[in-house]
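The values are calculated or read from the model by the stated rules, or taken from the named source; none is laboratory data. Model, not experiment: these values are computed from the prediction. For neighbour counting, all protein chains shown are included, and Cβ atoms are generated from backbone atoms with ideal geometry for every residue, glycine included.
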Amino acid sequence: MQLNKHAVCCLVSGKMPGEVSLNSMEWAVITQIDGERTVDEIARKLTFSLPEAMQIFNALVEKGLIEIIAIKDETVKTVSSAFFNQLEKILVQFIGPVATYVINDTLLELNADRSNYPKNMVPELIELLSDEISDESKKIEFQKQMLTLLKKD
Amino acid sequence: MPERILKEIRNIDTVELVAICSFKGEIGFKSGNMIPDDEIRQIAIYLLRIYAAQKLTGNKLLSMEFYWNNHFLTARFADGFLIITVCSSSEVLALLRITLNVTVANLSENKPFLKWLKKHKQDASKHLRRGAFDDLEIGLISRLG
């Protein structure tokens, strides 16, 4: 198995490596390896950049301290078109008919489109769209309605 | 009722602690035990000092986010209280910010909460007054240019 951001590692057992020395970053990674989290998840937890984390994981594999046990499913869940229709319907109530254009512009800003927008990135989209509502109480009302929609979806 | 509102935040993935503190630094409502109460109070006071110092310079601080002890600590300020949350993943921060905005709005209409808040009213600037700092803090301040 090739090490990538979706790789899951565990500590090598039943094998005693020779004397090894670890730097503080390698030690930080070792403390997070649990046989469940991916390289990417551990990198985020430790606020390492992905290339930085990959380098550390590679070093630990080479030292014989960790091994790759699985590659997690890489498919990203995306939101449905019905969600975007509903979002548009709600946003129209707050900013009027420009809502469609605002949503499209914001998606463009995020380098995404309606057909492949990841589900876990919806809160970021809501935050950006909220900024288009100048009235503070209306902004909160929009966020309230969006949270309800998120729970349903 | 405020407990139910706290549960909404606690239900967010990786959120390990939520605490509502008054501007006195006292914990009113809490969900999660990852930090002892004394430490939460101390954190609240530090955050309130930053809030008060910013207010003195004419900036109204709404929220702060820190990386702390391998966790993400968020402070959301509102009139007379602050909500401290601790989570272990940065991926939920956007959802957390939205939820906190809605929570603050809901709490502002919650009678039991408003009753509690009235009892614990205090100006955050009190945490900046002479005598409010401990020896360690006085030592650090004395080293400032």
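Before moving on, here are some points about what is shown:
- Residue ID - farthest from A:LEU3 (Cα to Cα), chosen from residues in segment A:35-51 that are without any contact (Cβ under 8 Å) to a residue 12 or more places away in the chain and of a type outside the set (Lys, Arg): A:THR47
- Taking every residue in segment A:99-122 that is more than 14 Å from chain B (Cβ to nearest Cβ) and pairing it with any residue that is part of a helix (DSSP H, G or I) and of a type in the set (Asp, Glu), at least 6 positions away or on another chain, the pairs with Cβ-Cβ distances below 7 Å are A:ALA99/A:GLU88; A:THR100/A:GLU88; A:ILE103/A:GLU88.
- Evaluated against (1) touching a residue at least 12 places away in the same chain (Cβ under 8 Å); (2) surrounded by fewer than 18 Cβ atoms within 10 Å (Cβ to Cβ); (3) at the interface with chain B (Cβ under 9 Å from one of its Cβ atoms); (4) over 18 Å from B:LEU62 (Cβ atoms), A:GLU141 falls short on exactly one condition, (4).
- Taken as a whole, the condition of being among the aliphatic types (A, V, I, L, M), surrounded by fewer than 22 Cβ atoms within 10 Å (Cβ to Cβ) and not in a helix (DSSP H, G or I) does not apply to B:ILE20.
- Test: residue in segment B:4-17 that is of a type in the set (A, V, I, L, M), farther than 16 Å from B:ALA124 by Cα and modelled with pLDDT under 90: yes
- Close pairs (6 angstrom Cβ cut-off, 6 or more residues apart or separate chains): within 8 Å of chain A (Cβ to nearest Cβ) and crowded, with 19+ Cβ neighbours inside 10 Å in segment B:101-114, in a helix (DSSP H, G or I) and charged (D, E, K, R) anywhere: B:VAL102/A:LYS144
- Of all the criteria given as (1) of a type in the set (D, E, K, R); (2) in contact (Cβ under 8 Å) with a residue 24 or more places away in the chain; (3) closer than 17 Å to B:HIS120 by Cβ, the one not satisfied by B:ARG41 is (2).
- Breaking point among (1) surrounded by 15 or more Cβ atoms within 10 Å (Cβ to Cβ); (2) free of Cβ contacts under 8 Å to residues at least 60 places away in the same chain; (3) within 30 Å of A:ARG114 (Cβ to Cβ), for A:ASN4: (2)
- Evaluation of A:SER21 against the conditions (1) closer than 26 Å to A:ASP113 by Cβ; (2) among the small types (Gly, Ala, Ser); (3) not assigned by TED's automatic domain parsing to the domain that holds A:ASN120 shows that the sole unmet condition is (1).
- Residues of segment A:12-66 satisfying the condition of being surrounded by 15 or more Cβ atoms within 10 Å (Cβ to Cβ) and not in a helix (DSSP H, G or I): A:VAL12, A:LEU22, A:ILE33, A:ARG37, A:THR38, A:LEU46, A:PHE48, A:LYS63, A:LEU65, A:ILE66
- Inspection of segment B:44-60 identifies at least one residue that is basic (Lys, Arg), outside any helix (DSSP H, G or I) and within 14 Å of chain A (Cβ to nearest Cβ).
- Hits in segment B:63-111 (condition: at positive phi and out of contact with any Phe, Trp or Tyr (no Cβ under 8 Å at 6 or more places or on another chain)): B:ASN69, B:ASN70
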